[in-house]
1. Which number in (1) farther than 24 Å from residue 183 by Cβ; (2) touching a His at 6+ places or on another chain (Cβ under 7 Å) marks the one condition that residue 48 misses?
2. Can you find a residue that is surrounded by fewer than 20 Cβ atoms within 10 Å (Cβ to Cβ), outside any helix (DSSP H, G or I) and in contact with a strand residue (DSSP E or B) (Cβ under 8 Å, 6 or more places away or on another chain) anywhere in the range 401-424?
3. Kindly list the number of the only condition in (1) more than 16 Å from the ligand (Cβ to nearest atom); (2) under 24 Å from residue 158 (Cα atoms) that fails for residue 261.
4. Report yes if residue 351 is part of a helix (DSSP H, G or I) and more than 16 Å from the ligand (Cβ to nearest atom), otherwise no.
5. Being farther than 16 Å from residue 323 by Cβ, surrounded by fewer than 24 Cβ atoms within 10 Å (Cβ to Cβ) and not assigned by TED's automatic domain parsing to the domain that holds residue 57 narrows it down to one of 301, 280, so name that one.
6. Quick check, is residue 379 part of a helix (DSSP H, G or I) and either of a type in the set (A, V, I, L, M, F, W, C) or within 16 Å of the ligand (Cβ to nearest atom) (or both)?
7. For residues that are surrounded by fewer than 19 Cβ atoms within 10 Å (Cβ to Cβ) and more than 16 Å from residue 375 (Cα to Cα), tally how many sit in the range 45-62.
8. Do we have residue 320 as within 12 Å of the ligand (Cβ to nearest atom), assigned by TED's automatic domain parsing to the domain that holds residue 428 and either touching a Gly at 6+ places or on another chain (Cβ under 6 Å) or not in a helix (DSSP H, G or I) (or both) here?
Amino acid sequence: MFASLLLSAVTLVADTIRYEIEFPDRAHHEAAITVRFPATGHDTVDIRMSRSSPGRYALHEFAKNVYAVTATDGAGRPVAIHRPDPYRWLVSGHDGTVVFRYTLFADRADGTYSQFDGWQAHMNMPATFAWAAGMEAEPIAIRFAMPRGSGWRVASQLVPTTDPERFVAPDMAYFMDSPTLLSPFSLREWTVASAGRVDTIRLATQHLGTDEELDRYTARAKAVVAEQVAIFGETARYDHGTYTFIANYMPQASGDGMEHRNSTVLSSSGSLARNEMQLLSTLGHEFFHSWNVERIRPAALEPFDFFRANPSDALWFAEGLTSYYTPLPIRRAGLMTDAEYAASIGGTINAVVNAPGRRFFSPMEMSLQAPFVDAATSVDPTNRANTFLSYYTWGAGIGLGMDLAIRGRFPGKSLDGLMRLMWTRHGAGGRYDVPRPYTVDDIEQALADYTGDSRFAQDFFASHIRGRDVPDFAA
Ligand SMILES: [Zn+2]
C-alpha cells in the first residue's frame, strides 16, 4: 500500500535516466555502474561527476575514483568520448541513447563519500553517480543489484516501487539528496502526528551491538525528535511522509553526520554501548537540519550547484544555531543533567570568548571560509589556529546570546519563537524544493518582527553578526 501510493507520486516517462549499480568486486571496494541517458535532442551529452556535495562545503572531486569508462549508443556500438577537463566526459555520435559505464572505487563511509565492502554499500549519491548537464529535471530510475546471499536491504528516501531492487526519483536534485545504504541493517520505526498529518520516522542502523542497545537508543532518539517537533510545532513535512535516519555504526565507518531533506547519514566507528550520547547528539543535530538548512535554507545554497563550491554567509545560522539546538532538546528530553548541559554551553562560551580568529572575520565572513575548512584538504600549512573560529562554535554562541537577550528583554519569548517564525516564513510549504530561501537580512527582519523591536534586531546584527563582538552572555 505504501509503495503503490508513492509510485503514483513520481511518473516515469520516456526521458527517464536509468541507473544500475552492481557489485562484482565489493571486497576490493569496487562497484560497476551503468547509466542510460535518453539523448534525443542532445548532440553531445555532457556527462559529469560532481565536484561538490550538498551539506559539505569544500570541493571533493569525485571523478578521481572513476575508471574503466566506456560509452556506447543504444545498439551497443562504441561512441566517441572527449575529455575537456578532469570532471567531464563529452559523448557524441550516438543514436539517441548513451549508455555510460564506469567502475567506482569507494572506501570511506561517511556523509560525503561512499564505501563498498563485504558488509555494505554505503552511498552518498554525488560521490557515486555521474549525471548529464541539461538533464537535471528528468526523472530517474535506479536498480540496486543485490549480491546474492548478502542479506542486504535498502535504506533510502528514494521512492520505492513494487520491485524491492528498484527505486525512482522525480529529478536529479531529489536523487542526489537521497543517500542510500545497502546492508543487513536493523530497522526501527515510529510515527509522529503533528499539524494534521502523520509522518513515519525510520531508524536504519548497521551496527555490531545488541537489540537491547538499539531499542534504548531508539527510545532516546524518539524523545529528542519529539522535543524538536515541539519547537517548530510540526515536523519538517517530509516529501513522502517519511524521514529516514541512516546510521552506519560499523568499525570501518568514519565519524560524520550529513543532513538531507528527508534523511540523514550518521556514521561512526563508535558503538551504542560506548558512545551513545555522542551518537545521539549527531542524530539530533542532523534531524534539526531537516528544518534549519534543508527547508529554512540560505538563498546562496539554492539551487545547489554540484560543479563548484557553494559558499554561504549564513552558516553561522544554518550550522551554528543547529549546534545550539543540538544539546538543548536532549536536555529538555531529560537525557542530560543541568550540570552536563552547563558544561556543554560553557565549552562553547570559552571557545567563542577566547578565540583569536574573531579579530579577522565576522560570523558572516567566517561562514564564507567553509569551502577551506569543511572536510577540505590541501597540503600547504595555514594560520587557521590564529585566524579561524568555527561558524559552528561561534554560531552556537550566537544562538545562546540571542536566546538570553530575547528572554531577558521580551518576557515570554525565546529563540524557539524566532525559529518557528523562520520556519513559517521561509521553510514551510515546499515539496521537493525551497520556495522562500532566506538571506541574513531576512533573519534580522524576523528577529525585529518577532520581538517587535527593530532597533534591538539592528543592534544585535550590527554588533554580533556583521560585527565581531561577543554576545553578552552575562545578561
Ligand atoms: Zn550540521
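1. (2)
2. no
3. Going through (1) more than 16 Å from the ligand (Cβ to nearest atom); (2) under 24 Å from residue 158 (Cα atoms) one by one, residue 261 breaks only (1).
4. yes
5. On the way: 280 fails: farther than 16 Å from residue 323 by Cβ.
That would be 301, the only listed residue that is farther than 16 Å from residue 323 by Cβ, surrounded by fewer than 24 Cβ atoms within 10 Å (Cβ to Cβ) and not assigned by TED's automatic domain parsing to the domain that holds residue 57.
6. Values: part of a helix (DSSP H, G or I): no; either of a type in the set (A, V, I, L, M, F, W, C) or within 16 Å of the ligand (Cβ to nearest atom) (or both): yes.
It is false that residue 379 is part of a helix (DSSP H, G or I) and either of a type in the set (A, V, I, L, M, F, W, C) or within 16 Å of the ligand (Cβ to nearest atom) (or both).
7. Residues flagged as surrounded by fewer than 19 Cβ atoms within 10 Å (Cβ to Cβ) and more than 16 Å from residue 375 (Cα to Cα) within the range 45-62 amount to 2.
8. Yes; evaluated as a whole, the condition is true for this residue.
The values are calculated or read from the model by the stated rules, or taken from the named source; none is laboratory data. Treat the numbers as computed from the prediction; the structure is a model and nothing was measured. Cβ: placed from backbone, ideal geometry, glycine included. Neighbour counts: every protein chain shown.
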